[in-house]
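Just below is one structure, and these are the notes that go with it.
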Amino acid sequence: MTSNMRPLNSKKGEVPSDGRENCGVSDQAFHGKCQSCDGVGKPSYPRANGVSLKESGTCSFSCDHANALLVDGPKGSPARPGHIDSADCGQHGCLHAKNESCMPCNDLQQESDREQAGDTLDDLFFFNDEEDDDIDWEPSARLAENRWFCLNCTMPNLDEVKHCLNCHELKGSEVAAGYDVFKTHIARAALVSANTASVLVSTAIGFDERMLLHSEMEIKPNPHPERPNRLRAIAASLAAAGIFPSKCALVPPREITKEELVMVHTSDHVESVEQTKNMLYSYFTSDTYANGHSACAAKLAAGLCADLASLIVSEHVQNGFALVRPPGHHAGVKQAMGFCLHNNAAVAALAAQKAGAKKVLIVDWDVHHGNGTQEIFEGNKSVLYISLHRHEDGSFYPGTGAADEVGVLDGKGFSVNIPWSCGGVGDNDYIFAFQHVVLPIATEFAPDITIISAGFDAARGDPLGCCDVTPAGYSQMTSMLTACSEGKLLVILEGG
């Protein structure tokens, strides 16, 4: 039995402070005998050093030993828990409580109550009513007020639960350290620019810590889903995995110029974003905030995307990842909306063409349709825009992206929309769409560079997208798109 959940009081191979050794397999404090019952399935909901008190299959194991934590009943329902701080295995394969008073025990009781009440995973995210979850698209409108967001995996949890039900992170803990690796002398020594004579690394990353200053200033019951910790968490993961700086180069940050922006947006739009630097906070729409740092962050994001595209087309690097915010694919010719201020993908596409690319492919797999990107290029046959998104006959935000929206004038046929009629779509749906729609069209188009508007709100567990794409699914889609333009690929972070 294995799990990716983090034990509360010990790590794999460690001996707890009271001298007892963890029993069971991997880092779980779960006795092997507890798995010997008939029809047992894969355990879930780890508690107390990773102990799972619920089985997904039928369990006939039972025990009436005092203070034992066990799984019994025809459906593997949890037994009444005691107050536990840790647990070990008794001679009969039971889990015996140790010490007194422990919040995971309270978590377990709440979870058991919800199970008996028939609550589902959706109840952890949204109000439990009879309305459709997406009838009101505003991101914070349907999040209950008694929720907290895990800073490790961003999942919402009930306020009274002290450890994240998804990754078991402690409530109130900080994002894992590591994102500051982008500021080290090693990172600065790995800078790559257009003046570089040859390809020294295959992948370049665009990041600047000033983009973290863009945040919602107004205090609300729930944090905005597009917040600085998104970048911190990603950067920390890249550092922890050894991907950066050892395997990637950092692109020098710069703010995009007004001359570059007006190739995509109107002058009035550019000026409206610029004016926010003189305000403590403001809103373009109910969900699109700005503060005094937002204009700079938006220009840095667009500038990094433009420079990455230029570097890839000019073959200074093979591919790139724009770790940027605010996102951009909802920003249209003259409007900021949907968390987006400037359209980063559109700026990157035009920068790629300025660097020598004749045809640019943009694939947008964010769960929301990139209405801004489609609007900008709807009459341009040199940019092929393909979007896969929830649509539901226009009831899912932003309401655009129907299958019959194919572009206008010279660009007719160069906007391709693959709208999902409901939530819950996963890897198989996306891969099927790639194999039968995306790749055949992209291959015929033969782009010089491929740009991915990489929103991850269609990922499993995202409370807004409510879909089921896994990391393996995203990896496979990325691999497929790499072949479309001889490996010249730019991935730009959007939502999720």
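Which is farthest toward the positive dipole end of segment 193-298 among A298, L280, A236, measuring Cα position about the Cα centre, with Cβ charges +1 (Lys, Arg) and -1 (Asp, Glu)?
A236
For A249, what residues show an amide H to amide H distance below 5 Å, using hydrogens built from the backbone and excluding near sequence neighbours?
T203, A204, I205
Return the subset of K299/K359; K277/K359; K171/K220; K277/K358; K412/K488; K258/K381 for which the Cα-Cα distance in this structure is over 28 Å, preserving the input order.
In this structure, K277/K359; K277/K358 exceed 28 Å between Cα atoms.
Within the set of other residues whose C-beta is less than 15 Å from the C-beta of A336, count the net charge using Lys and Arg as +1 and Asp and Glu as -1.
Every neighbour counted, the sum reads -4.
Run the numbers on segment 365-496 and let me know its relative contact order in percent, using alpha-carbon pairs under 8 Å that are six or more apart.
25
Would you mind listing how long segment 310-431 runs along its three principal axes, going by Cα atoms, in whole Å with the largest first?
For segment 310-431, the Cα extents along the three principal axes come out at 42, 33, 30 Å.
Using Cβ counts within 10 Å as a stand-in for footprinting exposure, how do Y430, Y281, Y385 rank, fewest first?
With the fewest neighbours first, Y430, Y281, Y385 line up as Y281, Y430, Y385.
Just name one of A351, F339, A433: the one whose Cα is farthest towards the positive end of the charge dipole of segment 312-452 (beta-carbon charges, Lys/Arg +1, Asp/Glu -1).
A351
Å³ per residue of the Cα convex hull, for segment 367-426?
Hull volume over Cα atoms, normalised by residue count, gives 65 Å³.
In whole Å, what are the extents of segment 371-496 along the principal axes defined by its C-alpha atoms, from largest to smallest?
In descending order, the Cα extents are 38, 32, 25 Å.
Find out how many positive minus negative residues lie around E260, taking Lys and Arg as positive, Asp and Glu as negative, among other residues whose Cβ is under 13 Å from that of E260.
Counting the neighbours of E260, the net charge comes to +1.
Could I get the Rg over Rh figure for segment 293-333? Both from C-alpha atoms, Rh via Kirkwood, rounded to two places.
Result for segment 293-333 is an Rg/Rh of 1.03.
State the Cα centre-to-centre distance between segment 270-346 and segment 394-408 in whole Å.
About 23 Å separates the Cα centre of segment 270-346 from the one of segment 394-408.
To check you understand DSSP bridge types, tell me what percent of the beta bridges within segment 316-475 (both residues inside) are antiparallel, rounded to 5.
So the antiparallel bridges in segment 316-475 amount to around 5 percent.
Please order H330, H436 by the number of other Cβ within 10 Å, starting at the fewest.
H436, H330
Based only on Cα atoms, what Rg/Rh ratio does segment 434-487 have, Rh being taken as Kirkwood's radius?
Ratio of gyration radius to Kirkwood radius: 1.03.
Quick one: I418, I492, fewest Cβ neighbours within 10 Å first, how do they rank?
Listing I418, I492 from fewest to most nearby Cβ atoms yields I418, I492.
What order do you get for 446-453, 376-383, 354-361 when each peptide is scored by the mean count of other beta carbon atoms within 10 Å, highest first?
446-453, 376-383, 354-361
None of the figures in this text is laboratory data; all of them are computed from the coordinates on show. Just so you know, these numbers come straight off a predicted model, no measurement behind them. We place every Cβ from the backbone using ideal geometry, glycine too, and count neighbours over all the protein chains shown.
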